Amino acid sequence: MTTDDGVAQRGAGYRKGPVLLRGPQIPAQTTDQRLLAGPDDTNWLHNDPWRVMRIQSEFVEGFGALAEVGPAVSVFGSARTPRDHRDYAAAEQAARDLVAAGYAVITGGGPGIMEAANKGAAQAGGLSVGLGIELPFEQGMNEYVNLGVNFRYFFARKTMFVKYAQGFIVMPGGFGTFDELFEALTLVQTHKVTEFPVALVGTDYWQGLLDWLRGPAVERGMISPSDPDLLHLTDDPSEAVSYVLERGAELAAQERASHASAYASPPEA
């Protein structure tokens, strides 16, 4: 979170793994910054191998905490969205619909759209998951999260968003939302994961992106003409939920049929 003049606020505290730091105890660099810093001296020869153990522990802890989440959908969007904005209300509605359909809701655990989705899920009696991240201006996990995991590394956290979700609902957001959206699209396009549905909510916000994808990006051969079809655009959060669940069921059925066909085929001579 930032102030009106762009200065980062330190917020309620800074999470460093299981440790909470406040005031002068908050470090000037995050764990990601230290990991990605250039090798100015030879200390990296000694520190980086130990970082591998910490990275491994984040995956182990995340897998363990989320193993029994069950069917879930990740909801992304801006941390800056105020509570009286229509996008906040739309995220709440999407989360309530997901819970009514038997799905858990996964967010980044912070304020704005994340809080709205967690609130909708928790108040509907569902599982409200928050995947927090270590930041210098950490705001802490929002109060509506009933299963929270804090991460030091963005890449570990992003793995959890994809691994434990059957689809994505993407509300208007900034660079973090764009990153999560295009990470998912890249994984699908390159067949690193089985295709899963992605719904964008807010035509006034996302239409320009789709026009650019179908225009310059396709015309210059940077993506295939069918790639923009990986995104479903709507203004109705309930329609977004219906699309993600129905398309997800279709894709799951196709995958099961493909596996059954592969196993039924006789081996080649």
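Taken together, the values in this text are just the output of simple stated rules run on the coordinates, not laboratory data. Every value quoted in this text rests on a predicted model; they were computed, and no experiment measured them. Neighbour counts run over all protein chains shown; Cβ positions are idealised from the backbone, glycine included.
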Exercise for review: Give the value in nm², to one decimal: projected area of the alpha carbon convex hull of segment 60-260, averaged over all directions.
Suggested key: 11.4 nm²
Check your understanding: What list do you get for Val241, Val52, Val75 if you sort them by fewest beta carbons within 10 Å?
Key -> Val52, Val241, Val75
**Study point:** Fewest-first ranking of Val69, Val99, Val193, using other Cβ atoms within 10 Å as the exposure measure
**Key:** Val193, Val69, Val99
Point to revise | Approximate spin-label separation Ala67-Val52, in nm, with each point projected 7 Å along Cα-to-Cβ | key: 2.4 nm
Practice item. Arrange the following residues from fewest to most other Cβ atoms within 10 Å of their Cβ: Trp206, Trp50. Key: Trp50, Trp206
